[in-house]
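Novice: Handing you a structure now.
The values are calculated or read from the model by the stated rules, or taken from the named source; none is laboratory data. Quick caveat: nothing in here was measured; it's all calculated off a predicted structure. Note that each Cβ is placed from the backbone with ideal geometry, even for glycine, and that neighbours are counted across all protein chains shown.
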Amino acid sequence: MPRALVLATGNPGKLAELLRGLEPLSREGIIELLTPSSFPSVPFPPETGSSYRENATAKAQWWACRTGRLALADDSGLEVAWLAGAPGVHSDSWAGPGASSMDKNRRLLEALHGAADRRAVFRCCLALAWPDGRLCHFEGACEGTITERARGRNGFGYDPLFQVLAPGRTLAELDPEDKDRLSHRGRALGALRRLLESEPEAIEGTRGCG
Ligand code: ITT
């Protein structure tokens, strides 16, 4: 019987990427993927941490405790050099409560109006939490620049404004598979996948991660 894993996110864009990234493990029978919609009585947790790792840990532990299953949470953000690393861990909320992706992107373009330096990095921390309290983390980063205008229709969030260094295209201009290969989340998922493919027993928490 594969071990059930709850993908603990309320962000549909992230959820799609987590499902894509872990589908090979599900196909190999290592895990069974569940989403929050299987647990309608579990509310989403507040986010109060001051680092990606702290927030990812809190979200994963919240879902592991309340569902009794293994839970994977993602905390991520965009760090912009000209803004001294902002919005960073506040990437979701910095344009105010209820702001849409379009509002957030507009605010980012305004903040960078006339900026001499448009370098930025996306960071992702994944936390895997067991109901018995065991925990491990996987991290990924993706370097790029913030464009002068939105380009592309794929992905979500800041993707239309984030141009990846190597292909010179925004994440929203890439096919999903190419975003997965290059992105902060894709890299963190790659580390998790490699661990579980090489040591499937790590899912039981006995070895291989800490
Ligand atoms: P959960 O906490 O429920 O997972 P969230 O959207 O609140 O969803 P975060 O607190 O980690 O997640 O917020 C990170 C924000 O950073 C997210 O809402 C996006 O605006 C942005 N972001 C993160 N990863 C991104 C990506 O791959 N592409 C574009 N924007 C991204």
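Novice: For the range 50-81, how many residues meet the condition of being without any contact (Cβ under 8 Å) to a residue 60 or more places away in the chain and over 26 Å from VAL6 (Cβ atoms)?
Specialist: Looking only at that region, the number is 2.
Novice: Right, next: Here is a check on your reading of the model: is GLU54 among the acidic types (Asp, Glu) and farther than 23 Å from LEU161 by Cβ?
Specialist: yes
Novice: Just name the residue that is nearest to the ligand (Cβ to nearest atom) out of those in the range 43-60 that are more than 15 Å from ASN11 (Cα to Cα) and not charged (D, E, K, R).
Specialist: TYR52
Novice: Next question. Kindly indicate which of THR170, THR145 is in contact with a Gly (Cβ under 7 Å, 6 or more places away or on another chain), of a type in the set (Ser, Thr, Tyr) and at pLDDT 95 or above.
Specialist: Residue meeting the stated conditions: THR170.
Novice: Where residues in the range 153-178 are more than 10 Å from the ligand (Cβ to nearest atom) and small (Gly, Ala, Ser), which of them is farthest from ARG123 (Cα to Cα)?
Specialist: GLY168
Novice: Restrict the check to the range 44-53 and report whether at least one residue is of a type in the set (Asp, Glu) and at pLDDT 95 or above.
Specialist: Within the range 44-53, none of the residues are of a type in the set (Asp, Glu) and at pLDDT 95 or above.
Novice: Starting from residues that are touching a helix residue (DSSP H, G or I) at 6+ places or on another chain (Cβ under 8 Å) and of a type in the set (D, E, K, R), keep the ones in the range 125-149 and report whichever is nearest to ILE31 (Cα to Cα).
Specialist: Among those that are touching a helix residue (DSSP H, G or I) at 6+ places or on another chain (Cβ under 8 Å) and of a type in the set (D, E, K, R), it is GLU139.
Novice: Only residues that are buried (at least 16 other Cβ atoms within 10 Å of the Cβ) and either at pLDDT below 95 or among the aliphatic types (A, V, I, L, M) (or both): list them for the range 99-108, please.
Specialist: Correct list: LEU108 only.
Yes/no matrix, rows are residues, columns are (1) touching a residue at least 24 places away in the same chain (Cβ under 8 Å); (2) away from the ligand (no atom under 11 Å from the Cβ):
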| position | (1), (2) |
| --- | --- |
| ARG119 | yes, yes |
| LEU128 | yes, yes |
| LEU135 | yes, yes |
| SER183 | yes, no |
| ALA191 | yes, yes |
| ARG194 | no, yes |
| PRO200 | yes, yes |
